Every structure is written in structure tokens, then in C-alpha cells.
Amino acid sequence: MNFVPGNSKNILQEPIKLKPTIPVGPLRDTVIFPGNSVPIISGRSKSKAALDLAWNSDKLVLFVTQKNPKIEDPAEKDLYKVGTVCLIRRAVINTEGEYTLQAEGLARVFVKNFVRTEPYLEAEIEEIPELYEKSEQTEALIRAVRDQLKRYLELGGNPFFDQGSLVNWSLFTYSDDPNQLVNSIAQAIDFKTIDKQQILEMVSAQERLQRISDLLSKEIRILEIQQKISSQTQERVSRMTKEAILREQMRSIEEELGENGENVEIKELELKIKKAGMPKEVLNKAHKELNRLAKMSSYNPEAGYIRNYLEWLTDLPWRLSKGKRIDLKNAQQILDADHYGLKKVKERIIEYLAVHKLSGKVHGPILCFVGPPGTGKTSIGKSIAKALGRKFVKVSLGGIRDEAEIRGHRRTYVGSMPGRIIQAIKQAGAVNPVFMLDEIDKIGADYRGDPSAALLEALDPEQNNAFSDHYLEVPYDLSNVMFITTANILDTIPPALRDRLEVIRYAGYTQDEKFHIAKNFLIPKQIGANGLGKTETNFTAEAVNAIIQQYTREAGVRNLEREISGVMRKIARKIAEGNKNKSFKITQRDLNEYLGPVKFLPELAEIEDTVGVSTAMAWSEVGGSIMFIEVNLMPGKGSVQLTGQLGEVMKESAHAAMSYVRSHWRELGLPEKFFHKVDVHIHVPEGAQPKDGPSAGGALTLAIISAFTRVPVKKDVAMTGEITLRGRILEIGGLKEKVIASHRAGVKIIIAPEDNRKDLEDIPNYIFKDIKFVFVKHIDEAIKVALTRPPQSAARKSIPLGPAPALA
């Protein structure tokens, strides 16, 4: 350009005729409409070259909007096909070398193609005529747009009117040219670039009016919502200001009358702090927070947090009250009255109470009751509290994954509060309750921390005299609390936490114990719960035993209570429907009517001695059971197949049993290469039930030996015990439950490891009348007892394949 930076030129408008080709200036985020004067700043080299050419000739340039404003050097594909030819009215070069222009839109044109791309863009164009047809529809749209524009301005809309532009208010109000009206409004209001380009490209005047009307409607709706929000905000601020002024006035009036409400509240809190009996450290903290509250305005949000904190401190028990003197005989009577059986559990609890009575302290290991569901772990905690004359509180830990549930939330958080331990202490209202942490084996952990780690401090007698809760921010003495925990299994409890616990195992109830629990506890309880107190309801002994054996399969008594409740509900319905009987006697025959078909068939031992089948003994969380091990031989190459949904440990036991049999072929009277042409299939029925553990190793060995030697296993013999490669039988667990299940199935001889002889004292006395116990150290001893004859007597040169007939 041939002018000095900072100077400007004014070009007089003359009749303009468009040339077929014209230099092009790409625009970013800007659309120019005909009849409007728009300021433009140009700094890109190609744009400046095009402007230089236009300035030095007819001052005409085509401005076309870019599709993507981030492209620095746009090509033909990056530009829209419709733009506006503009006349450069003024031009100035600023100090940074950029061109500042005042461009006036003259005509819309269609870009047919680009004839030059270097050193500037030049396009061949075709003018789009500004035509319209006068009609009632067009007139209606013009009036509607004017009304919308008026509403837009009333709501605070801020259109852009450039100084010196042809756009002015009279144009909006009086112009009858719809295209000019649309061009002016689209240029003046800050619509989206894509919407403006769409309007620029439309040919029909009615379509352009309709589109501008739609955009104005949208803008009006936005302004109305904005105005509503602003009004609500202003109203809320005004209300808060008014309330603050009124509070100050009330405060002044109360001070004049000597009745300051805040001072009364401060004095009440001060009195509660004095009576709470807090330790010195806690007392200092309470007074510090109270002084902060006294200096704070009552409508300060933090005042509520401090007030809530002080109420927690004053409501917590801090002083040890004199408890009931421990009477061991009375404690024993309470435990016996509330729970039937559980002899070892009760003995350990009485020992614990005896130590507590003599020492006067609770210090010692934390009791952890471990056993199947429904065996009375939680309810016995209430009995302990009753025997001690203490309050009882329980916190269920199942599913807790946040450390803050134990230690509390810090006071910096909105809605923060102490952890569950402190909450329960407040609920008990005493510093020495019996505190049961239920389901401690079901605690989880995630990104919020590990709750089990937070329990370490609370359950450690050496540390819990200064338990730290994040909310209280002061130590709290838990050393007088008697903590009891419960769990179903120990495997999921972290080792560090398990180390602080003294485990007391609940083995599950025997048939006899369940019978007495049902007769003495459950039936009377359900008679009252179902409103049958005025009706005589009796169960025969056969009926109770049938419910236990045929309608439940559990170690505890929860399902037994549900089944008894089901019978009671049927009786209650009969009475409610008009049955006038005053007494009901439930026999075994009646159970099908009240409870439906039998749910569990009893497990029975084999009917006859069988080759390749032995009876093993199993334990699970719901008690003991027996299971059969079947071995079949087939022509093959010496492979072993295991089925019946066996776990890894049980599979290893099967392989150990096979290795023992193969290595002792001579003692068993088998051919030297008996295994090479035989495939062995070992199956444990009830395949839907997962099975695992090493205790079936001995029974697996007996079944395999029986299959190879064709010597049957005795039908009334069951075995349990882990086997080694040398044939030793190792100790197992859960003998009591296994023996009870075997007795129920009709087993007469039980083979068990010698190391389990000590567990005989746990076996109910009535079982010894029907079962003979044989304790062994080696599998050879078990073979002599379990097989119908010594395997050596069946020595043979070849192995018969396939199933063998059972022998009587």
C-alpha cells in the first residue's frame, strides 16, 4: 500500500461494477453482509497482498469466511463458497505492520473457482441478486422480526452498531427491504458464525426472514432465563442482607434488655463442658473452640460447625461409672439361659470374666467369635453385657471400605462427623460398654483407605487408651471398652489385625443341640411373634427332628427358625379364618401340609460293599457331610481324569494317592506294569458343588486300591485324613462336624488320623454308642480296616477293566 503508517484515506463511493475475477481475503470467525460497514484487521501475507492489489486498483475485495478458523494458510477447500464483495473505505497500517480496514459490504457472490493461489488468492465470481417478492407472508415475517428485535432490546440485548456504519435504528424500524433487514440484524447481533454463514448463503428472502426469526427467538429465550436467574440471585442477596440487618437489630435490643441469646447459648455450652468431666487436654480444646464461637457472629456458617463439634464433645461420656460387680455364677446362669450348648465357648467367656474380675481391667486379647452363620455369635455378646451389667452396642463392619467410617471425617469437610466407634460410644452413653464389631471378615479396602488398618489402634490394648478420631482431634480412652468381634472365616482378616484377636471357634450345633434349641427357645419365641399366645401349639419330637433333617441344611439355626415360623404362620391363618381349635399338635405327617415337600434327602451310606467306591467325610460352613469317591478303569495309556468340580488341593491329593498306589504295586499284589495300559477316571458325585481340601486323600487311596485289586470297600466305613507320598495319614480339621454327618448317614466305622484322637472329647456322647473309631498313622492300617479282604489275596497278572459287580 502506498500510504504512511498511521495515516488514513477516505474513498468516495462511486457506481461500482463487479469484475469477473477479484482478489480474496479469508476471514476468521467473521461474516460480512451487504449494506454493513465492518472493521477488519489483516496480518497474514496473502491477505495483505490481496488488499494491496485492491487498494491500488478499484478498492474491491472479496471477503470469504474460513470453515476452520485455526488454519493459518487456508486453501480453496477451507473456505465457504459464498462471500461478500466489499469496498475498502479506509485503510491504516499500524506499528506492527497489520492492516486496519473499514470495509463496506456491497454484494453477495458465489465463488465459482479460484484462478490464483499465489502470491494471493483470486477467485472467479457470480453475483447473487438481492430479489424478493412482496407478499402478505413476507410482510408478516418482517413485522414479526421487528417485534422480536424490540423484545430483544427490552431484555438487554446488545447489538453492535459501528460508528459510521449504514446500520442504524431507522433502518431496523422503517426498511421494507427484507434482505436489507436480514443483513443488518445478522451483522449487528452476535449469532454463531455457522448461523451467519447459513443466512448469507440463503437466496429466498422468506427463508432468510424465517431463519433470522428462529435465531432471535432463541436469543430471547436465553435472555429471559438469564434475567430470571439474575432476579432470583438479587432477591436472595436482598433477603440475606435483610436478615443480617434484622439479626443485628435483635442483638442490639437483647443487649439493651440484658437478654443476649448468644450469651445464653455460650453459658449453656460452658456449663455442659464443666459437667462433662473431660481430661485436661480435651478441656483446653473445648474452651478454645468455645472462645472462638463467642467471638463469632451467629450467622457465620462456621459457627454452626463449632457448635456441632462442642455438642459432640459434651455429649460423649468421659468418666468411668461404677459398674456391676462380676458374679461368675450369675454370668454362667445367664449364658446357659440364653444359649444352649456351646460348652467350650462359654468356658472361655467365663475365664475371660474371671481374669477381668481379679485384675479390674479389660486389658487382654480381643475375643473373636468365628463360625458359620446362625450359631449365636452376635447374640452371645448381649448375654456377656447382661452378665457384666454393661451397655451393649454393635457396629456392623460388612461392606465398609472407607477408613473415615472408623476414624471419622476431618472437620474441614462439610457434613463431617466422628467415626462409627465414637458414634457407638455416644449411643451407649458409657465409657465401658460391651462393643461388638460384627462381620469383621467382610471389611473391604479401596482408594479411600483401609478400614482394617484403622481398627488396629482401636483393638490394641497398648494403644487404645488414646484413640485418635479425625473429627474429635483429641485422644479418647477406649481401654475400658470390652471389644468383641465376629467373623465367618479367618482367611480374609489381615494378619496384623488377626494377631490382636483371640479366636474362639463356633463348631456349629449338633442334631441334639438343635432339637433342644428348637423346643426351648425357637418354638416359644415364634408362638409369641405370631400371636399364638392363647393357643396351645405343640411339636412332637419326631416333627422337630424331621424339620432339622429334611427342611434345613445348616450349621446354625436361622433356617430352622424360619421353618418353624412358617408352621406358625399357617396356624395363625387358620385361626384368623375362623378355626375354633384351641390347640394344635404338629406331627411329622403334618409337615408336608405346613412346609411342603421335603427339601433335603438324608445322606445315606452305601447299601452294599462296592469295588472302586469309598466314603469320604467333608466339612463346610454349614456343617459336615459325607461324599462318595468313585474310581473306574478303562483301556488307555496311563492317564488320570478327575471330575466332580474338584479344587486344586483335592486334585493334588488324588495325584498323591495315585503315586502311592503305583509305587507300592508289589505290596498290593498288582502286576509290575499294571498302569501303562489303563486310564483311571476318578469322580466325586454332586458335580455342581465345589469341593476342595486335602482331607479326602485317604479315602481316594482306598477307592483307587479297591478299583485295581477288585477288593470291595466296606459299605459302613468312612475315612478322613490327608495322605502323603509315603502313605502317612496327617491330621485334619472339623472332625466333630464330619462325625455327626457320618452318624446321620448310618456309618458304623470311622477311620481318622491318629493325631485327631485328642478331638474325641468334642464328640457328643450319644455317637459313641453307634460308631467305632479307628485311628491310624499309615494308609496300610486303613486298608486292613476298610477293605473286605487283604489286597494281596487278589494278586493277579492283569487288571480287569470296567465297573465290577458289587459284592455282598
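Results, tabulated for the structure shown:
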quantity: Convex hull per residue volume in Å³, alpha carbons only, for the range 297-446; calculated: 136
quantity: Ordering of 445-456, 581-592 by burial proxy (mean other Cβ atoms within 10 Å per residue, highest first); calculated: 445-456, 581-592
quantity: Net charge of Cβ neighbours under 12 Å - reference ALA75; Lys, Arg +1; Asp, Glu -1; calculated: -2
quantity: For the chain, alpha-carbon Rg and Dmax in angstrom; calculated: 46.6, 131
quantity: Cα-derived Rg to Rh of the range 392-505, Kirkwood definition; calculated: 0.94
quantity: The chain: relative contact order in percent, alpha carbon pairs under 8 Å with at least 6 residues between; calculated: 7
quantity: The chain - share of DSSP beta bridges that are antiparallel (%, nearest 5); calculated: 55
quantity: Nearest-10 value in Å² for the accessible area of MET658, using the 1.4 Å probe; calculated: 10
quantity: Filter on LYS344/LYS748; LYS691/LYS772; LYS196/LYS218 - keep pairs with C-alpha separation over 19 Å; calculated: LYS344/LYS748; LYS691/LYS772
quantity: With every protein chain in place, the chain: carbon and sulfur % of accessible area (1.4 Å); calculated: 50
quantity: Average accessible area per residue (Å²) across the chain - probe 1.4 Å, nucleic acids and ligands excluded; calculated: 51
quantity: Computed over the range 79-151, the ratio Rg/Rh where both radii use C-alpha atoms and Rh is Kirkwood; calculated: 1.15
quantity: Rg/Rh (Cα only; Kirkwood hydrodynamic radius) as it applies to the range 184-257; calculated: 1.49
quantity: Principal semi-axes in Å for the range 526-674 [√(5λ), Cα gyration tensor, largest first]; calculated: 52, 15, 12
quantity: Using distinct alpha-carbon pairs, which all enter the 1/r mean, Kirkwood radius of the range 440-518 in Å; calculated: 15.0
quantity: In Å², nearest 10: area of LYS736 left accessible to a 1.4 Å probe; calculated: 40
quantity: TRP55, TRP619, reordered so the largest accessible area comes first (probe 1.4 Å); calculated: TRP619, TRP55
quantity: Debye log10 I(q)/I(0) for the range 474-560, one point scatterer per Cα, at q = 0.18 Å⁻¹; calculated: -0.88
quantity: Summed side-chain charge close to ALA752 - residues other than ALA752 whose Cβ falls under 10 Å, Lys, Arg +1, Asp, Glu -1; calculated: -2
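The values are calculated or read from the model by the stated rules, or taken from the named source; none is laboratory data. Just so you know, these numbers come straight off a predicted model, no measurement behind them. Glycine gets a Cβ as well: all are built from the backbone with ideal geometry, and neighbour counts include every protein chain shown. With ligands, DNA and RNA removed, areas are computed over all heavy atoms of the protein, side chains included. Shrake-Rupley method; radii C 1.70, N 1.55, O 1.52, S 1.80 Å.
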